[in-house]
Amino acid sequence: MDPLLLGAFVAIATIVVLFSGVSVALGLVIVSAGFLIVFDGMRSLELLPEIMFGKLNSFALLSIPMFIIMGAAIASTRAGADLYEALERWLTRVPGGLVISNLGACALFSAMSGSSPATCAAIGKMGIPEMRKRGYPDAVAAGSIAAGGTLGILIPPSVTMIVYGIATETSIGRLFLAGVIPGLLLVALFMAWSLYSTWRSGDASVLTATPYTWRQKLEILPRVLPFLLIIFGVLYAMYGGIATPSETAAVGALMCLLIAMIIYKLWSPKALWVVLRDSTRESVMILFIIGAAGVFSYMLSSLFITQSIAEWIGTLDVNRWVLMFAINIFLLIAGFFLPPVAVILMAAPILLPIILSAGFDPIWFAVILTINMEIGLISPPVGLNLYVINGIAPDIKLKTILVGSLPYVGCMVLAIILLCLFPGLATWLPDMIMGPAI
């Protein structure tokens, strides 16, 4: 059978299996095993355990559960609320300081936790009621938090960047650095739209807030600064040549647990067990998807589907930016239905040869891919962040949350366009700190 036609059958079968309600990892294994049995015979299954184990036999993968523990320890405390309160007290005199403090808190908390739902829950519980009380429109209050929560998969340390690095054998350190400037760009775009939307509502009073005394501003800092120091410490250790990403992740996880225990009195064995249990569950889920994606990639390569797709696209007489536009549409649609980790692991082996043959930088493309995944987090039908916000503020209709988040989708699309026009936004910082890629 023609490999391209076979690839179409694989795509249809994968969609059907995943939409049946089977978990992503198990679905990938079922599809891979089914096609291998049909076209290579039963003996091909003997290789699957070895392939899956080989995919997981990587020192770099140790950083994933460590960063997840780091985020779970932070999410189990009042760190999000304290971070929100600290920024609100210090930015209260800035016009629109409340919405700026919410988005700033989302950016910082997402950098600490790496989890979009956790960021929405932690900051939204404090920020949404306060913004509504001050007169901010419901759409701005809900939409800004939903969008701010997506920053967790772009601003380092990012689990999705680690997964992309492992899937494409790309430097994780470079990927982390590549996400910094685009992450800050998105924060700036989100803030600009929030302020404009609030100003357009016609109620100028919501752009001001009650001033705080210096004592009130300073008393909150001891609870926030240790976590911020951990972020900078992890990044310094990684880029200062002191430790590998896995080693810094382990130290960061230990420090976050200690701070949660010392500052937030997280002494209860039951509370610590919940942190470790949830971290283990999420880590196993991600690692299972990674192993299953390795099997899926082997199946595509063994049946010459990956090579045929790359060769076919290479023969197309189209501008490379038209090709990039088509890839973005594909990623956008995939992100509507699947979690970011699954999309990256499934698409990266197919897309990377195409990206390289078209002359695009794989580090730059990682940022483009990640922003597409961010859009999926606040877009139906899955749109996980939308449902998290709806759970926090059930009296705000899901339609209102969706309408409020759509302008932030536009901000992300604008960021992708800016990155296409100015690729240096993603590549300059990695090249400056780590030297040009070879």
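Every number in this text was worked out from the coordinates using simple rules, so none of it is lab data. Since the structure is predicted, the reported quantities are computational estimates derived from the model, not experimental observations. As a convention, Cβ positions derive from the backbone with ideal geometry for all residues, glycine included, and neighbour counts pool all protein chains shown.
Miscellaneous remarks
- Measuring r between the beta carbons of Lys399 and Lys125 and using R0 = 22 Å, the FRET efficiency lands at 0.55.
- Applying the Karplus relation 6.51 cos²θ - 1.76 cosθ + 1.60 with θ = phi - 60° to the stretch 74-90 yields 3J(HN,Hα) values of 5, 5, 7, 10, 8, 4, x, 5, 5, 4, 4, 4, 4, 5, 5, 5, 7 Hz, where x marks Gly and Pro.
- Cβ-based net charge around Ser357, under 10 Å, with every Lys or Arg adding one and every Asp or Glu removing one: 0
- Note, ³J(HN,Hα) from phi for the stretch 283-299, Karplus 6.51, -1.76, 1.60, rounded to Hz, x at Gly and Pro: 5, 4, 4, 5, 5, 5, 5, 4, x, 5, 5, x, 5, 4, 5, 4, 4
- Residue order, fewest to most beta carbons within 10 Å, for Met161, Met1, Met412, Met238: Met1, Met412, Met238, Met161
- Highest-fluctuation residue, Ala167, Ala192, Ala141 considered, GNM on the chain with Cα pairs under 10 Å: Ala192
- Ordering Glu85, Glu219, Glu169 by the number of other Cβ atoms within 10 Å of each residue's own Cβ, fewest first, gives Glu169, Glu219, Glu85.
- Cα centroid of the stretch 295-344 to Cα centroid of the stretch 28-104, whole Å: 22 Å
- Take every pair of alpha-carbon atoms less than 8 Å apart whose residues are at least six positions apart; their mean separation over the length of the chain yields a relative contact order of 26 percent.
- The order of Arg281, Arg223, Arg200, Arg174, going from fewest to most other C-beta atoms within 10 Å of their C-beta, is Arg200, Arg281, Arg223, Arg174.
- Calculated log₁₀ intensity ratio I(q)/I(0) where the Debye formula runs over C-alpha points of the chain, q = 0.08, 0.11 Å⁻¹: -0.46, -0.86
- Excluding same-chain neighbours fewer than eight residues apart, the lysines reachable from Lys133 by a Cα-Cα span under 20 Å are Lys125, Lys397.
- Helix-only arithmetic for the chain: the sum of -39500 (n - 2.57) across DSSP H runs with n ≥ 4, divided by the residue total, places the mean residue ellipticity at 222 nm at -25500 deg cm²/dmol.
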